[in-house]
Amino acid sequence: MIRAADYNGISALQTLPYDAALFAKMGRLNLPYLALRNVGIDNVDLAAAETHGVKLSNVPAYSPYAIAEFGVLQAMNLRRRTKAIANQQLHGEFHWSPDFMGTEMRHQTVGVVGVGKIGRQAIALYTGLGATVIAFDPSRQGSDAGITYVSNLEILLKQADIVTLHAPGRPENDHLLNAEAFALMKPTTIVINTARGSLVDLNALKRALDTHQIAGCI
């Protein structure tokens, strides 16, 4: 921080909380700008920034197509066991195993949690692959033509073979997937989280994986 004292501001990636202590120090050093090279501001103390006269900027948007495609890719990697197969081949083993049997996407029910820009693209991609897609978003509740909404998260978790998270990292979404949520899922369910780490209780996730409550997670 001291090195930035002679500059007009700080450009940073969203990796740690930007708290009141940081903004107080920026105020003392007369650093009036914080430019975030990412979209989310859920870990920024906006009130403290205003109190200490720090102005914020962030990236207006990532490509929702790129993030949705990445999520679908990871789901297919898990469903098709591509990592396990690639690891076997790297070790010179080319025998087939029943464990490598994949699952066609057209036989999957995909539960999309959060129907913003990224969630909508995920729905389009999974639908194009022939999956049955259901969605939950408390801010929308079935307001979009062509999207099949369920009334609560519990219904989605019970029905989905793939749960893909696209919800914002707000306090009300902390540990959206916890021990109770994992207990509702099928033992064959996989979870894809390309949103925020805070959406998932990691200790509960580890237990769910260790006890085979769910089949996988990325």
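The values are calculated or read from the model by the stated rules, or taken from the named source; none is laboratory data. Predicted model, so just to flag it, every value in this text is computed and none were measured. Cβ atoms come from the backbone with ideal geometry, glycine included; neighbour counts cover every protein chain shown. Surface accessibility is based on the protein's heavy atoms, side chains included, excluding ligands, DNA and RNA. Shrake-Rupley method; radii C 1.70, N 1.55, O 1.52, S 1.80 Å.
Quick notes
- Each part gets one Cα centre, and for region 32-81 versus region 97-156 those centres are 22 Å apart.
- Rg over Rh [alpha-carbon atoms, Kirkwood Rh] for region 133-218: 0.95
- In Å, descending, principal axis extents of the Cα set of region 170-218: 28, 19, 16
- Length-normalised contact order for the chain - Cα pairs under 8 Å, 6+ apart - percent: 14
- Dividing the Cα radius of gyration of the chain by its Kirkwood radius returns 1.07 for Rg/Rh.
- Per-residue 3J(HN,Hα) values for region 147-160, derived from phi via the Karplus relation 6.51 cos²θ - 1.76 cosθ + 1.60 with θ = phi - 60°, read 10, 8, 8, 9, 7, 8, 5, 4, 4, 4, 5, 6, 8, 6 Hz in sequence order (x marks Gly and Pro).
- In region 79-137, trypsin sites (Lys or Arg not before Pro) in a DSSP loop with at most 13 other beta-carbon atoms within 10 Å: none
- Rolling a 1.4 angstrom probe over the protein heavy atoms with all chains in place gives the chain an accessible area of 57 Å² per residue.
- Hydrodynamic radius of region 1-42 by the Kirkwood approach over all distinct alpha-carbon pairs: 10.8 Å.
- Whole-percent carbon and sulfur share, accessible surface of the chain, 1.4 Å: 56
- With viscosity 1.306 mPa s and temperature 10 °C, the Kirkwood radius over alpha carbon pairs of region 31-84 converts through Stokes-Einstein to a diffusion coefficient of 114 µm²/s.
- FRET efficiency, residue 178 to residue 8 (Cβ-Cβ, R0 30 Å, nearest 0.05): 0.10
- Prolate/oblate/rounded call for region 60-119, Cα gyration tensor, a/c under 1.5 rounded: oblate
- Applying the criteria of a DSSP loop state and at most 12 other Cβ atoms within 10 Å to the chymotrypsin sites (Phe, Trp or Tyr not before Pro) of region 68-98 yields 94, 96.
- The relative contact order of region 9-82, computed from alpha carbon pairs under 8 Å that lie at least 6 residues apart in sequence, is 31 percent.
- Amide H partners (placed H, <5 Å) of residue 148, local residues excluded: 135
- Result for the chain in a Gaussian network model with C-alpha springs under 10 Å: among 126, 149, 62, the largest mean-square fluctuation is at 62.
- Nearby aspartates and glutamates by direct alpha-carbon distance to residue 117 (threshold 15 angstrom, same-chain neighbours under 8 apart not counted): 69, 137, 144
- Whole-percent P(r), region 86-186, all Cα pairs, 5 Å bins from 0: 2, 12, 20, 20, 15, 10, 8, 7, 4, 2, 0.
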